[in-house]
Amino acid sequence: MSDKHGIKKALTGKIRKNGRYVVASQAFISVKEREEALLCRTYGRYPLALERGKGARLWDIDGKAYVDLLAGIAVAGLGHCHEELCLVAREQAGRLWHVSNLFYQNNQLDLAERLLSTSHHARAFFCNSGAEANEAAIKLARRYMSRVKKRDAAEIITLGDCFHGRTLATLAATGRAEMSEGFAPLPEGFSQVEAGDIQALEKAVGPHTAAVLLEAVQGEGGVVPLDAGYLHGVEALCRERDILFICDEVQCGLCRTGKFWAFQHYDLKPDIISVAKSLANGLPMGAILATEEVSAGFGPGSHATTFGGGELTSAVAAKTVEILLRDKMAERAAALGRHVKLALEGLRARHPDAIREVRGLGLMLGIEIAANAREIWEDLLERGFICNLSHEKILRLLPPLVIEQDDLDAFVAALEQSLLNVSQKFR
């Protein structure tokens, strides 16, 4: 059998590592068998059962240590079990967890103040995930057009190779057939154009268009920073046609790319941004930030959430934003990103037949391999480095922002050894 990510599984207790089958520990087999008996099979698991973490390190159930270059898919921005966040979580857990959004809550307001201080936006709405944040952004754009602008404009235009979530609406916005298979009919009111083609976008914008939604750096699409000239063209077109400009900062925001927000690399002024991933460093938290004018699209009862912005998650998220700003994590990500990208470019120069491209900003990097990279990914895992394999050929790096330079250097060295191990693929 093989799962959707291609990691072969055998009920004999063997798992595939470094292109070969090895005997798994009894502890791992037990976890794997329990999952297969209990959970819906929606995930293609990596062949690891993780037990604890600290900083940029993870340990599996057998005690083996790994350098974490994935951070829970860009979630543990401040690393695992950050002491200050653990303290805040413990203190708040002993005081108050949840009361709902029927009540005023200081933790939520502290978070809003800190988050809004990082951008030109004036209002926040809190939810639980990136998909919910994008749903909120879509709903706000449509309601703003309907109630404030008095226009029959509800269509959202997105870009090819984007990813905006897995709810029905955000699947429609994402527009990738492999993700929406079996879920038809998807909601109407979404269209897509090729990223980078401003003429195609100009043709797509019509009288019923409400907004353009995009990622300044496409994450699931393979870590692709969009061209600055194109992004400025998109924003200018939105202003000219009087439609909203929305940036999805779910993966690329919160210091990941070397600025607090990825759109700030390009001096853009989006009307709405969506936020999630590392906002509460691992607790479920999402948000949208909107300008004062656009926020008028929402009114009491127009949108809501039971759990969003709860006391516990808001307390941890407020502390997370405080630390990101206090410890200059954007600047740190920029410096470390420049260092490792230079090292990876050197690796590409030494192995031009193996590495096609190195791209990204800050600590959001993609290494495109010239052939199927599964064996390389598996070899890196065996060497103790956890990264993501995207599109079967892109090694995606989203490490905790607290990672040390030595760990990044060790990864580059390990990657070179992995390339040498499978060098026959590139001949």
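What to note about this one:
- Protection proxy ranking, highest mean first, for peptides 414-420, 301-307: 414-420, 301-307, where packing is the per-residue count of other beta-carbon atoms within 10 Å, averaged.
- Distant-in-sequence amide H partners of residue 286 (H built 1.01 Å from N, under 5 Å): 127, 128, 129, 309
- Computed over segment 83-326: relative contact order in percent, which uses C-alpha pairs under 8 Å that are six or more apart: 32 percent
- Between residue 150 and residue 101, residue separation times 0.36 nm minus the direct Cα-Cα distance comes to 14.8 nm.
- In order along segment 169-185, the Karplus-derived 3J(HN,Hα) couplings, from 6.51 cos²θ - 1.76 cosθ + 1.60 at θ = phi - 60°, round to 5, 6, 5, 4, 5, 6, x, 9, 4, 5, 8, 9, 4, x, 10, 5, x Hz, and Gly and Pro are given as x.
- Per-bin percent of Cα-Cα distances, segment 319-368 [5 Å]: 5, 21, 23, 17, 12, 9, 6, 5, 2, 0
- R0 of 25 Å, Cβ-Cβ distance residue 204-residue 307: FRET efficiency to nearest 0.05: 0.10
- Mean residue ellipticity (222 nm) of the chain, computed from DSSP H runs ≥ 4 via -39,500 (n - 2.57), nearest 500: -11000 deg cm²/dmol
- Summarising the amide proton neighbourhood of residue 78: residues at separation of 5 or more, or on other chains, whose placed amide H is nearer than 5 Å comprise 401.
- Gyration tensor (Cα) of segment 278-427, equivalent ellipsoid semi-axes in angstrom: 38, 17, 15
- Segment 101-150: projected area of the alpha-carbon convex hull, averaged over directions, in nm²: 4.5 nm²
- Fewest-first sequence of 144, 104 by Cβ atoms within 10 Å of each Cβ: 104, 144
- Within the listed set 295, 278, 180, the Gaussian network model of the chain (springs between alpha-carbon atoms below 10 Å) gives the highest mean-square fluctuation for 180.
- The mean sequence separation of alpha-carbon pairs under 8 Å and at least six residues apart, normalised by the residue count of the chain, gives a relative contact order of 21 percent.
- Over segment 83-326: Rg over Rh, Cα atoms, Kirkwood Rh: 0.96
- Among 167-178, 30-41, sorting by the average number of other beta carbon atoms lying within 10 angstrom of each residue, highest first, gives 167-178, 30-41.
- nm² value of the averaged projected area, convex hull over the Cα atoms of the chain: 21.2 nm²
- Potential lengthening of the chain between residue 410 and residue 293 amounts to 37.3 nm, from the contour at 0.36 nm per residue minus the alpha-carbon distance.
- Equivalent ellipsoid semi-axes, segment 273-328, via Cα gyration tensor eigenvalues times 5, rooted, Å: 23, 15, 9
- Taking every Cα-Cα distance in segment 344-427 and sorting them into 5 Å bins starting at zero, the pair-distance distribution P(r) comes out as 3, 15, 28, 30, 17, 5, 1, 0 percent.
- Rounded Å value of the spacing that divides the Cα centres of segment 332-359 and segment 100-153: 37 Å
- Sparsely packed trypsin sites (Lys or Arg not before Pro) within segment 105-154, loop by DSSP, other Cβ within 10 Å at most 11: 150
Bear in mind these aren't lab numbers, they're just calculated from the coordinates by the rules spelled out. Note that the coordinates shown come from a computational prediction; the quantities given were computed from them, not determined experimentally. Cβ coordinates were reconstructed from backbone atoms using ideal geometry, including for glycine residues, and neighbour counts include every protein chain displayed.
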